[in-house]
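Undergrad: Here it is, the structure, as structure tokens.
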Amino acid sequence: MSKKRWIVFCLLAVLSLGLMIPSAMAEDTVFFTAVNNTLLELTAETMPVTHNSFIYVPCSVFNTKALNTWSYYSRGSQTVLISDGSRELYFDMGAGDSYDREGSRYNYAAIYVNDTAYVPAFFVADFFGLTYSYIRREGWNIIRITTGGMLSDEDFFSAAAPLLETRMNQYMGAQESLGPEPTGVPTQQPLPPAATPSPTPT
């Protein structure tokens, strides 16, 4: 790794420390997700999770025109690809790291939750020049990823506040209908077995 890339990597690591989740954060914290000025639907299947004190979101969060990015998850090869058309970021879930088109590797991994791949929100946002925010106000927790020219986090929270209550009530109602077993909060699961290639006929 070149000296310049090493400096950038170190700066990124220092910045990430400021975005770590407080140790007092409860395991069952409910997280909302927002893209630009839109509050996404709240479901257990798409809710952000914490892992090693960082926030992870489903890779599908980055599969949207709103962020000018698309994502692809291959369960068979246990890989994730996220691209904006000019840059590509790959997550090798088997190796537990990630790398870009130039072959530079990063100590950020995707994890397997809810039968899909979750990726570190801040790292992916930063890689593609997007803005990551963790909004914690009045008991609400919102992970927000934005491009330029959007509402400030303060104005977004004010506009989204009535919808937060509605979405939470809908979410809690859905969880109650599931019965006492499911907690509604996703947890990390072991990786599924990698697909075995079929033998080629001779």
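The values are calculated or read from the model by the stated rules, or taken from the named source; none is laboratory data. Worth saying up front: this structure is predicted, and the values here are computed from it rather than measured. Heads up, the Cβs are rebuilt from the backbone with ideal geometry, glycines too, and the neighbour counts pull from every protein chain shown. Surface areas here come from the heavy atoms of the whole protein model, side chains and all, with no ligands, DNA or RNA. Shrake-Rupley method; radii C 1.70, N 1.55, O 1.52, S 1.80 Å.
Undergrad: Enumerate the pairs (first residue in the stretch 163-192 and over 16 Å from Thr29 (Cα atoms) and of a type in the set (S, T, N, Q); second residue anywhere and at pLDDT 65 or above and open to solvent by less than 90 Å² (accessible area, probe 1.4 Å)) with beta-carbon separation below 6 Å, excluding pairs fewer than 6 apart on the same chain, so at least 6 apart or on different chains.
TA: From the stretch 163-192, the pairs are Gln189/Tyr112.
Undergrad: How many residues does the stretch 96-126 contain that are under 19 Å from Phe54 (Cα atoms), free of Cβ contacts under 8 Å to residues at least 24 places away in the same chain, part of a loop (DSSP other than H, G, I, E, B) and of a type in the set (Gly, Ala, Ser)?
TA: Count: 2.
Undergrad: Select from the stretch 109-126 the residues that are crowded, with 20+ Cβ neighbours inside 10 Å and of a type in the set (Phe, Trp, Tyr) and write down the one among them that is nearest to Gly149 (Cα to Cα).
TA: Within the stretch 109-126, the match that is nearest to Gly149 (Cα to Cα) is Phe122.
Table: residues versus (1) in contact with a helix residue (DSSP H, G or I) (Cβ under 7 Å, 6 or more places away or on another chain); (2) closer than 21 Å to Thr29 by Cβ; (3) of a type outside the set (A, V, I, L, M, F, W, C).
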residue: Phe62; (1), (2), (3): yes, no, no
residue: Gly76; (1), (2), (3): no, no, yes
residue: Gly85; (1), (2), (3): no, no, yes
residue: Asp97; (1), (2), (3): no, no, yes
residue: Asn107; (1), (2), (3): no, no, yes
residue: Ile135; (1), (2), (3): yes, yes, no
residue: Glu138; (1), (2), (3): no, yes, yes
residue: Asn141; (1), (2), (3): no, yes, yes
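Undergrad: Considering only residues of the stretch 44-76 that are assigned to a loop (DSSP other than H, G, I, E, B) and open to solvent by less than 10 Å² (accessible area, probe 1.4 Å), which is nearest to Leu164 (Cα to Cα)?
TA: Initial filter on the stretch 44-76 (assigned to a loop (DSSP other than H, G, I, E, B)): 44-48, 52-53, 63, 68, 75-76.
Of the ones still in play, those that are also open to solvent by less than 10 Å² (accessible area, probe 1.4 Å) are 47-48.
Working: Met47: 14, Pro48: 15 Å.
Filtering the stretch 44-76 for residues that are assigned to a loop (DSSP other than H, G, I, E, B) and open to solvent by less than 10 Å² (accessible area, probe 1.4 Å), the one nearest to Leu164 (Cα to Cα) comes out as Met47.
Undergrad: Which of the following residues is part of a loop (DSSP other than H, G, I, E, B), at pLDDT 95 or above and surrounded by fewer than 19 Cβ atoms within 10 Å (Cβ to Cβ): Ser86, Ser23? I'd like the intermediate steps shown before the answer.
TA: Working: Ser23 fails: at pLDDT 95 or above.
Result of the check over Ser86, Ser23: Ser86.
Undergrad: Gly179: open to solvent by 10 Å² or more (accessible area, probe 1.4 Å) and modelled with pLDDT under 95, yes or no?
TA: Yes: the conditions hold for Gly179.
Undergrad: Within the stretch 143-157, can one find any residue that is open to solvent by 40 Å² or more (accessible area, probe 1.4 Å), modelled with pLDDT of 95 or more and among the hydroxyl-bearing types (Ser, Thr, Tyr)?
TA: Checked against the condition, which is being open to solvent by 40 Å² or more (accessible area, probe 1.4 Å), modelled with pLDDT of 95 or more and among the hydroxyl-bearing types (Ser, Thr, Tyr), the stretch 143-157 yields at least one hit.
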